[in-house]
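Down below is the structure, laid out as structure tokens.
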Amino acid sequence: MTLTFLLQVAVGGLLMGLIYALVAAGLSLIFGLMDVVNFAHGELLMLAMYATFVVWLATGLDPLLLLIPVALALFALGVAIYHLLMARALSVQFNRGMVQIFVTFGLAIFLRGAAQFTFGSDFKSVSTSLLANRTIDMGGIFVPLPQLAAGLVSLLAFAGLFAIGRTEFGRALEATREDREAVALIGIDRDRIFALGWGLGAAAVGIAGVMLATFYYVSPNVGATFALIAYVTVALGGFGSLFGALVAGLLIGEVEALTALLIEPSLKQVGMFVIYLAVLMFRPRGLFGTL
Amino acid sequence: MPPLLEVDGVSKSFGGVAANVDISFDVTEGEILGLIGPNGAGKTSLFNAISGEVVPDAGEIRLAGHRVSGLPPEQCALLGIARTFQVVRSFDSMTALENVMVGAYARHSRTRVAMAQASETLAFTGLAARADVPAHALTPAEKRRLEVARALATEPRLLLLDEMLTGLTPVEAQSGVQLIRDVRARGITVMMVEHVMEVLLPLVDRAVVLDLGRVLTIGAPEAVVRNPEVIRAYLGDRYAAA
Amino acid sequence: MGTSITRRRRQELIIGVGLLAVLALLPLPIHDVYTRNLIIITVLFAGLAQAWNVLGGYCGQISLSHALYFGVGAYVSTLLLTRAGIPPTIGMFAGGALAGLMALLVGWPCFRLSGHYYAIATVVVGEIGFLLALNWDWIGGATGINIPYRRAIGDSWLWLQFRIDKLPYHYAALAFAAAAWLVAWKIEGSRWGFVWRAVKDDPVAARSLAVRIFPSKMAAAAISGALTGIGGAIYAQYVGYIDPDSVLYGQLSILIPLPAVLGGVGTLWGPLVGAAVLIPLSELTRSYLGGSGRGVDLMIYGALIVLVALARPQGLASLVGVRVRAPAGADDAATA
């Protein structure tokens with residue numbers, strides 16, 4: 001095994017890690033805001049991928065052009081999910097913790113069924129795009145263009161999320177996160193902040209979905225794999241920490257790539273799971289968790 | 001025979017802020033000891049140290065001559081230290097009786113015995129009629145009593161009451177005072193944190209005054225309220241003028 | 001005052017025995033294979049949900065790794081049968097014991113975590129088990145294990161194999177569900193039950209009353225895991241074939257608690273009511289609407305879960321006048 005080859009694998013892990021991080025960022029945002037783990041997060045990703053695929057199939061538009069429209073559509077979907085379901089789930093008197101889990105799980109099943117109903121259960125993929133099937137040579141390391149673009153878009157999205165964190169809205173998010181009761185007193189509309197939080201979380205996963213669609217197949221069950229990795233990423237980085245999600249995503253991408261290379265490809269996820277459990281033993285709230 | 005409880009040079013700080021500094025005093029078996037001081041004086045922190053929730057950075061706490069500091073709360077409870085909480089904690093999925101049974105199980109593993117013991121304790125605290133009411137449906141005053149009943153059901157030697165009378169109406173507070181006297185009459189030593197001075201002072205045998213984490217003075221309530229330092233630090237104009 | 005508790009518990013026991021009799025007779029007039037299968041699966045899930053309820057409901061630990069205990073039970077009893085010739089009536093207890101042990105092994109690191117960290121960690125542990133089984137050739141890997149029908153023995157209770165008439169599996173499942181129910185009933189009236197509910201409602205107050213949190217959770221996990229494992233072993237014998245996709249898959253870890261959660265978490269009747277409503281509904285929608293992978297069945301099932309969870313957060317059992325424990329409970333568990 002040459003150094004170049006090792007580097008090749010490491011770069012692959014890095015780029016995949018950036019996608020994982022972006023998927024996790026939306027989950028982490030929603031969790032940090034209202035203590036809800038969205039078990040339909042993977043299905044939001046799946047919907048974004050289908051949206052990309054369908055528009056590409058119908059119009060031939062390049063997926064890259066769909067980044068903004070799909071993100072906006074997912075934003076609207078996130079807000080709708082909050083208003084239709086989560087606002088109610090948060091206000092129940094009994095078993096609030098479990099109701100949240102099972103409402104989002106029920107939603108996940110519903111969305112999976114809806115995708116299967118609409119698109120069938122076979123795999124689809126976007127076969128032509130500006131990026132498809134191109135690689136670039138970086139000093140002997142060949143990097144597939146779709147993955148590289150996805151990584152760069154993910155970094156941009158993170159920059160955007162960090163920038164939002166510095167705006168007035170971001171500060172309102174932060175305040176709502178820290179003290180849910182007190183924000184009402186200083187005139188922040190909690191319901192609106194929560195809805196926007198869901199919108200933003202869904203938009204982030206929407207961007208990840210578009211980029212993922214350029215090099216990954218789509219099926220009704222595609223969300224499950226990515227959602228599981230997202231849960232691990234969020235818990236590893238620390239619930240509610242955007243920076244934690246970024247670091248943990250990269251770490252997981254690398255661990256996955258190296259496990260596949262050094263141990264056994266079919267056990268690539270076991271490596272990341274074991275690392276995650278090991279970290280939680282020493283930091284029960286993740287690497288950067290405060291909640 | 002050593003005193004029931006010895007607090008010996010206990011210090012504790014949280015993130016660089018000193019909550020308790022070199023605190024020493026004894027609690028005699030059978031007395032009611034008041035622990036007073038302005039907000040942030042370190043009263044609850046000291047309670048938490050005695051009941052095992054926090055481990056002191058320095059010093060030692062002994063119950064009947066045996067070291068208890070460093071032991072976890074469940075161990076302290078088994079050794080005979082029971083407590084109530086400043087913010088009421090009840091088991092809301094259970095009835096009043098079931099709440100108290102949790103305490104009773106500390107000494108009796110058989111359900112029949114634990115239930116009898118809990119029933120008796122509920123009656124003692126005046127909650128017999130509310131036995132089958134879910135804990136979350138009790139009034140605030142009843143919840144306070146329920147906490148006392150639950151603590152008593154563990155058959156403690158020392159009962160720590162953290163602001164048990166705070167927030168009650170005068171009538172409720174008076175019956176709370178009576179309950180504390182009844183508890184002592186059972187031979188249980190009581191240590192209490194309280195803000196309502198008018199109620200506390202006639203009730204306690206001795207008072208320990210804390211200020212900024214240190215012991216300001218210890219003595220009979222009448223002596224304590226006349227102490228100029230105490231007046232300055234805490235009790236304020238009302239008592240200073242008297 | 002305590003008498004009201006004693007009286008209620010006696011009533012519950014009488015209703016339980018009556019229900020057991022009804023369920024024992026239920027499949028007798030039904031000869032249609034499909035409906036009988038539906039009844040067996042429903043009864044099995046009532047038992048599994050009750051087993052989960054011990055840890056998730058009474059003790060308040062939202063465990064999402066029960067597929068692992070189910071799978072361990074199924075694999076252990078099956079391997080004992082196919083590799084060592086040990087009858088599954090013995091093997092299922094070995095499977096249960098190992099599943100209980102596995103639950104302790106999972107609990108040891110995971111119970112140090114709180115709230116969602118705990119839930120996610122259990123998901124991951126379950127997934128590790130699935131992936132390892134998939135790659136472990138000795139236990140059949142992805143191909144799974146076929147349980148052969150032993151002709152020389154024929155239909156036999158000892159070997160838990162019935163080809164001619166599947167009815168005995170109904171009684172095996174019913175015995176399992178009844179045992180799980182009885183364990184829950186026993187727990188409700190014993191020290192453990194009180195301690196667990198105290199741990200669920202308020203761990204700080206529980207500790208001040210001499211409750212040791214970690215051993216309490218471990219005890220709940222062991223009982224819950226062992227019962228689930230026995231359920232897995234019975235299931236394996238019933239379907240005659242196991243692989244990671246059928247007994248260890250991640251979604252099973254949500255399907256097992258689902259009847260308990262929708263029926264009434266931490267209650268005696270919740271898992272039963274939940275299974276009685278949910279399993280037939282999901283099976284019926286699947287067979288009438290799920291043909292050719294249309295997905296309508298999943299949509300209905302998913303929507304149903306959402307509706308019940310939102311409309312009856314305290315569980316369906318509360319609709320039929322069953323005493324339901326008040327708020328807080330599981331809510332606190334999420335942050336405890």
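Here B:Gln75 meets the list (1) within 14 Å of chain C (Cβ to nearest Cβ); (2) crowded, with 17+ Cβ neighbours inside 10 Å almost entirely, failing just condition (2).
Within segment A:264-284, being within 7 Å of another protein chain (Cβ to nearest Cβ) and closer than 22 Å to A:Val37 by Cβ holds for A:Gln269, A:Phe273, A:Tyr276, A:Leu277, A:Leu280, A:Met281, A:Pro284. Would you confirm, using the coordinates I've provided, whether A:Phe31 is at pLDDT below 90 and among the aromatic types (Phe, Trp, Tyr)? Considered against the rule, which asks whether it is at pLDDT below 90 and among the aromatic types (Phe, Trp, Tyr), A:Phe31 comes out as yes. Determine which member of the set A:Ala224, A:Ala260, A:Ala248, A:Ala278 is under 26 Å from A:Val9 (Cβ atoms) and crowded, with 24+ Cβ neighbours inside 10 Å. Going through A:Ala224, A:Ala260, A:Ala248, A:Ala278 in turn, the sole match is A:Ala248. Of all residues in segment A:82-97, those that are more than 7 Å from chain C (Cβ to nearest Cβ) have Cβ atoms under 7 Å from Cβ atoms of residues that are among the small types (Gly, Ala, Ser), 6 or more apart or on another chain, in A:Tyr82/A:Ala195; A:His83/A:Ala195. Of all the listed residues (B:Asp22, B:Asp8), the sole one being at negative phi, surrounded by fewer than 20 Cβ atoms within 10 Å (Cβ to Cβ) and assigned to a strand (DSSP E or B) is B:Asp8. Considering only segment A:234-243, I want to know if a residue exists there that is among the β-branched types (Val, Ile, Thr), in a helix (DSSP H, G or I), in contact with a Gly (Cβ under 7 Å, 6 or more places away or on another chain) and at pLDDT 90 or above. Within segment A:234-243 (the criterion being among the β-branched types (Val, Ile, Thr), in a helix (DSSP H, G or I), in contact with a Gly (Cβ under 7 Å, 6 or more places away or on another chain) and at pLDDT 90 or above), the answer is no, since none of the residues qualifies.
Can we say A:Leu33 is in contact (Cβ under 8 Å) with a residue 12 or more places away in the chain, surrounded by fewer than 24 Cβ atoms within 10 Å (Cβ to Cβ) and touching a strand residue (DSSP E or B) at 6+ places or on another chain (Cβ under 9 Å)? Break it down stepwise before answering.
Numbers: in contact (Cβ under 8 Å) with a residue 12 or more places away in the chain: yes; surrounded by fewer than 24 Cβ atoms within 10 Å (Cβ to Cβ): yes; touching a strand residue (DSSP E or B) at 6+ places or on another chain (Cβ under 9 Å): no.
So A:Leu33 does not fit the description; no.
Name the residues in segment B:80-104 that are more than 7 Å from chain C (Cβ to nearest Cβ) and free of Cβ contacts under 8 Å to residues at least 40 places away in the same chain, would you? Once the filter is applied, which keeps residues that are more than 7 Å from chain C (Cβ to nearest Cβ) and free of Cβ contacts under 8 Å to residues at least 40 places away in the same chain, segment B:80-104 yields only B:Val87.
Looking at B:Arg107, B:Arg62, just one residue is more than 10 Å from chain C (Cβ to nearest Cβ), among the basic types (Lys, Arg) and in contact (Cβ under 8 Å) with a residue 12 or more places away in the chain, and that residue is B:Arg62. All conditions but one from (1) surrounded by fewer than 21 Cβ atoms within 10 Å (Cβ to Cβ); (2) modelled with pLDDT of 95 or more apply to C:Thr285; the one that does not is (2). When segment B:39-66 is examined, which residues are found to be out of contact with any Gly (no Cβ under 9 Å at 6 or more places or on another chain) and in a loop (DSSP other than H, G, I, E, B)? The answer is B:Asn39, B:Ser51, B:Glu53, B:Val54, B:Asp57, B:Gly65.
Taking the criterion of being hydroxyl-bearing (Ser, Thr, Tyr) and assigned to a loop (DSSP other than H, G, I, E, B), the residues of segment C:113-144 that qualify are C:Ser114, C:Thr143.
Based on what the data block shows, is B:Ala173 hydrophobic (A, V, I, L, M, F, W, C), crowded, with 24+ Cβ neighbours inside 10 Å and either in contact (Cβ under 8 Å) with a residue 24 or more places away in the chain or within 13 Å of another protein chain (Cβ to nearest Cβ) (or both)? So B:Ala173 does not fit the description; no.
Here's a check for you: in segment A:108-142, which residue that is β-branched (Val, Ile, Thr) and more than 7 Å from chain C (Cβ to nearest Cβ) is farthest from A:Leu74 (Cα to Cα)? First the steps, then the outcome.
Restricting attention to segment A:108-142, the residues satisfying the condition of being β-branched (Val, Ile, Thr) are A:109, A:118, A:126, A:128, A:135-136, A:141.
Within this subset, residues satisfying the condition of being more than 7 Å from chain C (Cβ to nearest Cβ) are A:118, A:126, A:128, A:135-136, A:141.
On the way: A:Thr118: 18, A:Val126: 19, A:Thr128: 23, A:Thr135: 30, A:Ile136: 31, A:Ile141: 35 Å.
For segment A:108-142, the residue satisfying everything is A:Ile141.
Does segment C:183-215 hold any residues that are free of Cβ contacts under 8 Å to residues at least 12 places away in the same chain and either among the polar types (S, T, N, Q) or more than 9 Å from chain B (Cβ to nearest Cβ) (or both), and which are they?
The answer is C:Lys186, C:Ser190, C:Ser208, C:Pro215.
In segment B:123-140, the residue that is farthest from the chain's Cα centre (by Cα) out of those that are more than 7 Å from chain C (Cβ to nearest Cβ) and of a type outside the set (A, V, I, L, M, F, W, C) is B:Arg130. Restricting C:Gly56, C:Gly96, C:Gly16, C:Gly107 to those that are closer than 26 Å to C:Trp159 by Cβ and not in a loop (DSSP other than H, G, I, E, B) reduces the list to C:Gly96. Of the residues in segment A:61-70, at least one is within 22 Å of A:Phe119 (Cβ to Cβ), among the charged types (D, E, K, R), touching a Leu at 6+ places or on another chain (Cβ under 7 Å) and surrounded by fewer than 24 Cβ atoms within 10 Å (Cβ to Cβ). Within segment B:133-164, the set of residues being within 14 Å of B:Ala77 (Cα to Cα) and in contact with a Gly (Cβ under 7 Å, 6 or more places away or on another chain) comprises B:Arg150, B:Ala151, B:Ala153, B:Thr154, B:Pro156, B:Arg157, B:Leu158.
Would you check which residues across segment C:307-317 are facing another protein chain (nearest Cβ under 7 Å) and more than 21 Å from the chain's Cα centre (by Cα) and list them? Step through it out loud before you land on a result.
From segment C:307-317, those facing another protein chain (nearest Cβ under 7 Å) are C:309-310, C:313-314; that's our starting set.
Once the filter is applied, which keeps residues that are facing another protein chain (nearest Cβ under 7 Å) and more than 21 Å from the chain's Cα centre (by Cα), segment C:307-317 yields only C:Leu310.
Only one of the numbered conditions (1) free of Cβ contacts under 8 Å to residues at least 40 places away in the same chain; (2) out of contact with any Pro (no Cβ under 8 Å at 6 or more places or on another chain) is not met by C:Leu98, and that is (1).
The values are calculated or read from the model by the stated rules, or taken from the named source; none is laboratory data. Fair warning: this is a prediction, and the values are worked out from it, not measured in the lab. Methodologically, a virtual Cβ is constructed for each residue, glycine included, from the backbone with ideal geometry; neighbour enumeration extends over all protein chains shown.
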